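Have a look at the structure below, then the notes.
Since every read-out is calculated from the coordinates, none of them should be taken as a lab result. Just so it is clear, the structure is predicted and the values come from calculations on it, not from any experiment. No Cβ is skipped: glycine too gets one built from the backbone with ideal geometry, and neighbour counts run over all protein chains shown.
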Amino acid sequence: MNPYEPPRANLQRRNSEPGSIPKAVAIGVAIDISLTLLASVTAAIIYGAILAARGYSEEAITAVFQQFDPVSAFGIITTLLGMAISAFAGFQCARIANRNGYLAPGIMAMISCAFGAALSRGTYSQAMLLTLSALTVVAVLGGASVYVRRMQR
């Protein structure tokens, strides 16, 4: 060891300290809700522009969005986009919590599902709402599992 050489940082060492669960949940929920709303609005604008380019009138475009079918092509695309965002938010939640378990992502999934149910009150049937909530939980915990598995290595 050379006393005149500056010390070197251990770049391989990871932070092993557990993070704050409330902070992880709050940031995960903020990412999930804000990015999902942003992506949904962007997709709706793009879809509206496509419909307008195909010759749909303004009233017809409004009717398409008022009678939104989550099983249509546009509904499936937005659902998959929302699931990808929820998976990313679950990963970030688990990364901030920095724990082996799924407590923080589980709480985050519950809050995201409750927010989605409140936002879409009366829009979907109960069966569709349960299906979309289950997909949200799967996406959040799936994203979190990527971090948890990486952490366990």
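Residue 108 passes all but one of (1) more than 19 Å from residue 18 (Cβ to Cβ); (2) surrounded by 12 or more Cβ atoms within 10 Å (Cβ to Cβ); which number fails?
(1)
Looking at (1) without any contact (Cβ under 8 Å) to a residue 40 or more places away in the chain; (2) over 20 Å from residue 43 (Cα atoms), which one does residue 103 not meet, given that it meets all the others?
Residue 103 satisfies all of (1) without any contact (Cβ under 8 Å) to a residue 40 or more places away in the chain; (2) over 20 Å from residue 43 (Cα atoms) except (1).
Quick one: is residue 84 in contact (Cβ under 8 Å) with a residue 24 or more places away in the chain, surrounded by fewer than 16 Cβ atoms within 10 Å (Cβ to Cβ) and within 27 Å of residue 19 (Cα to Cα)?
It is true that residue 84 is in contact (Cβ under 8 Å) with a residue 24 or more places away in the chain, surrounded by fewer than 16 Cβ atoms within 10 Å (Cβ to Cβ) and within 27 Å of residue 19 (Cα to Cα).
Collect the residues in the stretch 47-80 that are closer than 23 Å to residue 32 by Cα and either of a type in the set (Phe, Trp, Tyr) or touching a Gly at 6+ places or on another chain (Cβ under 7 Å) (or both), keeping them in residue-number order.
Those that are closer than 23 Å to residue 32 by Cα and either of a type in the set (Phe, Trp, Tyr) or touching a Gly at 6+ places or on another chain (Cβ under 7 Å) (or both): 47, 65, 68, 69, 74.
Does the stretch 62-83 contain any residue that is under 14 Å from residue 29 (Cα atoms) and within 13 Å of the chain's Cα centre (by Cα)? Before the answer, list the steps.
Initial filter on the stretch 62-83 (under 14 Å from residue 29 (Cα atoms)): 82-83.
Applying the additional criterion that residues be within 13 Å of the chain's Cα centre (by Cα) yields 82-83.
The answer is yes, given that some residue of the stretch 62-83 is under 14 Å from residue 29 (Cα atoms) and within 13 Å of the chain's Cα centre (by Cα).
Residue 109 versus (1) touching a Pro at 6+ places or on another chain (Cβ under 8 Å); (2) closer than 19 Å to residue 149 by Cα: which is the lone unmet condition?
Going through the list (1) touching a Pro at 6+ places or on another chain (Cβ under 8 Å); (2) closer than 19 Å to residue 149 by Cα, residue 109 breaks only (1).
Taking the stretch 125-135, which residues are surrounded by 15 or more Cβ atoms within 10 Å (Cβ to Cβ) and more than 15 Å from residue 75 (Cβ to Cβ)?
Selection gives 133 alone.
Of everything in the stretch 40-73, what is under 22 Å from residue 113 (Cβ atoms) and of a type outside the set (S, T, N, Q)? Give them in sequence order.
Residues satisfying the conditions are 41, 43, 44, 68, 69, 70, 71.
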